Amino acid sequence: MQQSELNQTDRELVRGCLGNDRLVQRTLYERFSTRLYTLAYRLINDRDASNDVLQDAFIEIFRSMAGFRFESSLYTWMRTIVIRNAMSYLKKNARLQVITDEIADQASEISFNFTAEHLEKAILSLPAQARSVFILIEVEGYKHQEVAEIMNISEGTSKSQLNYAKKILRKRLSKPSDE
């Protein structure tokens, strides 16, 4: 990739994509695909499905580019498309369920001697809806109201699923990482 491609602004990328410039489209894909795939994978927890979601999202991104109004960054807009596609995939495959089981809220000492890999595994092992809410709020920075709209759930459900996810993570991360 040439240095000039690395320095392209969001506006230049959008303009090039709207002009069907294949090199600019490739630059856009290469610049954002890894982060967007990671987001999809964290939400879905399935490599093949995440690739499918990413591919569908980029098709939608290129088709919808004319509607991008620069009210947010290009990445933020694309991220929203990936999240919506991931949520649609989860709903279609009936893997997004409200979990209402209660976990006793025990005050436990959490050992912070776990690895990033242990944390990632713990997050990926969460039930689908709790994982999605946790990632959207704690990793991506969305508010409960935004998550409720994206996932078509109530704000209260978003809050309870985040609480549920945190309880599970506390429990799982308090165990030695060799388990």
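FYI, it's all coordinate maths here, none of it is from the lab. Quick caveat: nothing in here was measured; it's all calculated off a predicted structure.
List of remarks:
- Whole-Hz couplings from phi, Karplus 6.51/-1.76/1.60, listed for segment 141-153; x for Gly and Pro: x, 6, 8, 4, 4, 5, 5, 4, 5, 4, 8, 6, 10
- Cα-based equivalent ellipsoid, segment 3-92: semi-axes from gyration tensor eigenvalues, Å: 23, 13, 11
- Taking 0.36 nm per residue of sequence separation and removing the Cα-Cα distance, the Gln55/Arg69 pair yields an extension gain of 2.8 nm.
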